[in-house]
Amino acid sequence: MHRVILLHGIETSTGASEPRNWPARLEGIWETKQDLSFRVSSWIWSGIYFNWVWGVLTWLPWYRKAVNKSVLENLAEIERFVANSAVSQGQLSVIAHSYGGTLVQTALEQGWHFHKIILLATTMDENFDWRKYEKQFNSVLVCWSPDDNVTVHSTYGMQGKKGPLVPHERVTNMKLDGMKHFDWITPQGLTSFGEAYRHFLES
């Protein structure tokens, strides 16, 4: 039994409507399953100013660094206090959309360990060297599309549009033409791919 954190992107607030508040919907879809081998946590994180992360400001390295630091310190505290799940032992899995991939990248660079990682149209660096961190994860599923209409504007990572350019035998590509940035996390998208995500987490 491992713990799965659903990690959203920027400009998301508690109670937001679809498609930005997708973690609660995916958690609800899986709640109907009685034989899950993992526990799901839908978690809304906030920014460093006015509880909001400004998308345009993420172009600034110092702002990204401050956001990443705040979010990961918060997540680590939640895991210690609530879940008692030691990230150093690889008991934590994550599904990340958009800027959530940048948070996952930062976590790996800081020494975090993950069991499974699913990246949905993320701003993670497409040239991220998975081999350098291969002892910190078991397997990764990268979902991306050359038709992504948001990550193309990212100055710090376009894995959601280009896919992982550094191959690794435990990093699987899921390339789907025609998918826009939010198509992965709309109600229809979650219904269509939810079982595939679940299968990957349980495999």
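The values are calculated or read from the model by the stated rules, or taken from the named source; none is laboratory data. Small disclaimer: the values here were computed from a predicted structure and weren't measured. FYI the Cβ positions are ideal-geometry reconstructions off the backbone, even for glycines, and counts take in every protein chain you see. These area figures cover heavy atoms from the full protein model, side chains too; ligands, DNA and RNA do not enter into them. Shrake-Rupley method; radii C 1.70, N 1.55, O 1.52, S 1.80 Å.
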Filtered residues of region 97-118 (kept if outside any loop (DSSP other than H, G, I, E, B) and within 11 Å of Thr151 (Cβ to Cβ)): His97, Gly101, Thr102
Which listed residue is out of contact with any Phe, Trp or Tyr (no Cβ under 8 Å at 6 or more places or on another chain) and more than 27 Å from Ser41 (Cβ to Cβ), from Glu134, Glu126, Glu195: Glu126
Residues of region 158-195 classified as open to solvent by less than 50 Å² (accessible area, probe 1.4 Å) and assigned to a loop (DSSP other than H, G, I, E, B), total: 9
Residues located in region 107-157, provided they are farther than 21 Å from Glu169 by Cβ and open to solvent by less than 20 Å² (accessible area, probe 1.4 Å): Ala107, Leu120, Ala121, Thr123, Ser145, Asp148, Thr151, Ser154, Gly157
Residue selected from region 147-157 under the condition in a loop (DSSP other than H, G, I, E, B) and in contact with a Lys or Arg (Cβ under 6 Å, 6 or more places away or on another chain), by the criterion farthest from Gly101 (Cα to Cα): Asn149
